[in-house]
Amino acid sequence: MKVRIAPSILSADFGRLADEIKMCEEGGADVIHLDVMDGRFVPNITFGEKVIASARKATSLPLDVHMMVEEPENYFASFAGAGATGMTIHVEAAPHLQRQLARIRELGCLAGAAVNPATSLGAIREVTADLDLVLIMTVNPGFGGQEFIPASIDKSSRARQVLDEARSRASLEVDGGIGRDTIEKVWRAGADTFVAGNAVFSAADPKSEIEALRRICLETV
Ligand code: DX5
Ligand code: ZN
């Protein structure tokens with residue numbers, strides 16, 4: 001299975017955003033993860049369309065937008081127009097999940113569904129055909145730099161099972177507290193896409209940290 005490392009710009013220096021993104025690209029990042037927060041679904045506010053458009057200018061890597069917002073459908077068209085290549089919505093904020101995922105695909109983007117730590121995988125199981133990515137939150141969303149929740153390891157294996165049983169080729173992504181100490185456990189559990197904010201941007205050498213994280217997985221076969 002391919003390892004995909006997705007640095008989250010939440011921990012980047014926004015005054016030097018283009019350089020930070022280029023640095024991730026040079027370091028071998030597979031995807032750039034953009035955390036949109038609305039101050040309602042989560043108790044924090046980050047950015048929207050404008051920053052996605054700036055990120056689009058800075059790199060040709062895929063831009064995966066993690067939407068921690070209520071009524072995410074209000075932003076689908078503008079985020080796709082700004083250059084998002086994927087949009088991941090939270091099942092907790094998506095009463096019409098199947099329709100919302102279908103809409104993301106109609107806009108030419110990859111469709112993802114995220115589950116908070118306390119949310120069961122039930123909704124994911126019902127929409128496997130509509131999914132290009134499943135995001136298992138390994139912290140409660142809202143902030144970077146939080147501690148990984150150990151129960152996420154078992155949940156990641158169960159999510160892998162759900163995808164395998166449905167013969168789905170969707171990516172299985174984990175997000176929150178991923179770093180040198182935790183990545184191996186979720187990789188073994190079946191995750192293939194790893195969001196890393198703090199681990200990359202607070203490293204002494206952020207560029208080589210991306211490769212270091214990937215190597216930990218590849219050396220654990
Ligand atoms: C948390 C965000 C994460 C965050 C991860 O709500 O969804 O993407 O940036 O940050 P770290 O890797 O620092 O836990
Ligand atoms: Zn995220």
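The values are calculated or read from the model by the stated rules, or taken from the named source; none is laboratory data. Because the structure is predicted, anything quoted here is derived from the model rather than measured. Heads up, the Cβs are rebuilt from the backbone with ideal geometry, glycines too, and the neighbour counts pull from every protein chain shown.
Confirm whether D132 is charged (D, E, K, R), within 15 Å of ligand 2 (Cβ to nearest atom) and touching a residue at least 40 places away in the same chain (Cβ under 8 Å). Before you say what the answer is, go through the steps one by one.
Values: charged (D, E, K, R): yes; within 15 Å of ligand 2 (Cβ to nearest atom): no; touching a residue at least 40 places away in the same chain (Cβ under 8 Å): yes.
Criteria not met by D132.
How many of the residues making up region 203-221 are more than 14 Å from A29 (Cα to Cα), without any contact (Cβ under 8 Å) to a residue 12 or more places away in the chain and of a type outside the set (D, E)?
Summing the residues that are more than 14 Å from A29 (Cα to Cα), without any contact (Cβ under 8 Å) to a residue 12 or more places away in the chain and of a type outside the set (D, E) in region 203-221 gives 3.
In the list I104, I5, which residue meets the criterion of being surrounded by 19 or more Cβ atoms within 10 Å (Cβ to Cβ) and part of a helix (DSSP H, G or I)? Steps first, please.
Details: I5 fails: part of a helix (DSSP H, G or I).
From the options I104, I5, the qualifying one is I104.
Can you spot a residue in region 47-65 that is of a type in the set (D, E), at positive phi and at pLDDT 95 or above?
So in region 47-65, the residues of a type in the set (D, E) come out as 49, 64.
Those left that are additionally at positive phi: none.
No, region 47-65 contains no residue that is of a type in the set (D, E), at positive phi and at pLDDT 95 or above.
Search region 39-52 for residues that are more than 26 Å from P117 (Cα to Cα) and pair each with any residue that is of a type in the set (S, T, N, Q) and not in a loop (DSSP other than H, G, I, E, B) when their beta-carbon atoms are under 9 Å apart and the residues are at least 6 apart or on different chains.
Final answer for the pair search is E49/S78; I52/S78.
Out of region 145-195, which residues are more than 15 Å from the chain's Cα centre (by Cα), closer than 21 Å to L218 by Cα, in a loop (DSSP other than H, G, I, E, B) and β-branched (V, I, T)?
The one that is more than 15 Å from the chain's Cα centre (by Cα), closer than 21 Å to L218 by Cα, in a loop (DSSP other than H, G, I, E, B) and β-branched (V, I, T): T182.
E209: out of contact with any helix residue (DSSP H, G or I) (no Cβ under 8 Å at 6 or more places or on another chain), within 15 Å of ligand 1 (Cβ to nearest atom) and of a type in the set (D, E), yes or no? Break it down stepwise before answering.
Values: out of contact with any helix residue (DSSP H, G or I) (no Cβ under 8 Å at 6 or more places or on another chain): no; within 15 Å of ligand 1 (Cβ to nearest atom): yes; of a type in the set (D, E): yes.
It is false that E209 is out of contact with any helix residue (DSSP H, G or I) (no Cβ under 8 Å at 6 or more places or on another chain), within 15 Å of ligand 1 (Cβ to nearest atom) and of a type in the set (D, E).
Filter region 8-45 for residues that are part of a loop (DSSP other than H, G, I, E, B) and acidic (D, E) and give the result. So that I can check it myself, show each step before the final result.
So the first thing to find is which residues in region 8-45 are part of a loop (DSSP other than H, G, I, E, B), and the list is 12-13, 27-31, 39-44.
Within region 8-45, D13, D30 qualify.
Run down P117, P95 and say which single residue is part of a loop (DSSP other than H, G, I, E, B) and in contact (Cβ under 8 Å) with a residue 12 or more places away in the chain. Explain how you work it out, then say what you get.
On the way: P95 fails: in contact (Cβ under 8 Å) with a residue 12 or more places away in the chain.
From the options P117, P95, the qualifying one is P117.
Give me the pairs, please: first residue somewhere in region 174-197 and within 11 Å of ligand 2 (Cβ to nearest atom) and at pLDDT 95 or above, second residue anywhere and among the polar types (S, T, N, Q) and not in a strand (DSSP E or B), beta-carbon distance under 7 Å, and either six or more positions apart or on two chains.
Here the result reads V174/T138; V174/S152; V174/S156; D175/T138; G176/T138; G176/Q146; I178/T138; G197/S11, each pair linking region 174-197 to a residue that is among the polar types (S, T, N, Q) and not in a strand (DSSP E or B).
Considering region 144-167 alone, what residues qualify as being buried (at least 17 other Cβ atoms within 10 Å of the Cβ) and closer than 19 Å to M37 by Cα?
G144
Has region 63-84 got at least one residue that is more than 14 Å from ligand 2 (Cβ to nearest atom), among the polar types (S, T, N, Q) and over 26 Å from S202 (Cβ atoms)? I'd like the intermediate steps shown before the answer.
In the first step, residues of region 63-84 are kept if they are more than 14 Å from ligand 2 (Cβ to nearest atom); the result is 70-71, 73-83.
In the following step, the residues that additionally are among the polar types (S, T, N, Q) were identified as 74, 78.
Applying the additional criterion that residues be over 26 Å from S202 (Cβ atoms) yields 74, 78.
Taking every residue of region 63-84 in turn, at least one turns out to be more than 14 Å from ligand 2 (Cβ to nearest atom), among the polar types (S, T, N, Q) and over 26 Å from S202 (Cβ atoms).
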